[in-house]
Each structure stands twice: as C-alpha cells, then as structure tokens.
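**Student:** Mind looking over this structure? Questions follow.
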C-alpha cells in the first residue's frame, strides 16, 4: 500500500438564497454566459445551468462558477485561497 499525506483544508462557505442567485450573478457579470448556455465549471469544464452551480469563487481577481461536485468546490477553494496571498 502506498503512503498518503492528508492535508487539512479550511473552507469558508457563504450561503446564497436560491431566489437571490440570478441577481447576484448579474451583478458579478456571470449571468449572461449562463443564460446563453456558455457557462462552465472553472475546474472541470462541465456545462452549468442555474440549478447546477455549486459555488462562486474569486480566483486571481476574477469571479468564476464552480459545479456542485465536491472535489471541484474544494479545488476552487484552494485556488481562491492561494490567489489571495
């Protein structure tokens, strides 16, 4: 068996009410691509709809959409934390 190093990662999570999501996406200039069917997960490139958005992250100064896959959310959080420093 191989050895694995586990790293503890702290995740900051803010919740958005579902009915407020479109308004927030408009304000962040992310709604247009979503409406046109061009929105994709920043991590895995999966096509997104309003119902499949799992997170919004700010990476390298730009807001991006993340799918609801937990591994994508964790990876986006790591990238967002790295880009803050």
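**Student:** Just order 59-68, 19-28 by mean Cβ neighbour count inside 10 Å, highest at the front, would you?
**Tutor:** Those peptides, ordered most packed to least, come out 59-68, 19-28.
**Student:** Can I ask one more? Under a point spin-label approximation (7 Å from Cα along Cα-to-Cβ), what is the residue 63-residue 14 distance to one decimal in nm?
**Tutor:** With each label placed 7 Å out from Cα toward Cβ, I get 0.9 nm.
**Student:** With an 8 Å Cα cut-off and a minimum separation of 6 or more residues, compute the relative contact order for the range 19-84 in percent.
**Tutor:** Relative contact order comes out at 25 percent.
**Student:** Here is a further query. What whole number of Å gives the distance from the Cα centroid of the range 13-30 to the Cα centroid of the range 46-68?
**Tutor:** A separation of 11 Å, based on Cα centres.
**Student:** Can you compute the equivalent ellipsoid semi-axes for the range 19-84, i.e. the square root of 5 times each eigenvalue of the Cα gyration tensor, sorted largest first and rounded to whole Å?
**Tutor:** Value: 18, 13, 10 Å, ordered largest first.
**Student:** Which FRET efficiency, nearest 0.05, do residue 82 and residue 44 yield, Cβ-Cβ r, R0 25 Å?
**Tutor:** 0.85
We did not get these values from a lab; they are worked out from the coordinates using the rules stated. Keep in mind the model is a prediction, meaning the values are calculated, not measured. All Cβ positions, glycine included, derive from the backbone under ideal geometry; neighbour counts span all protein chains shown.
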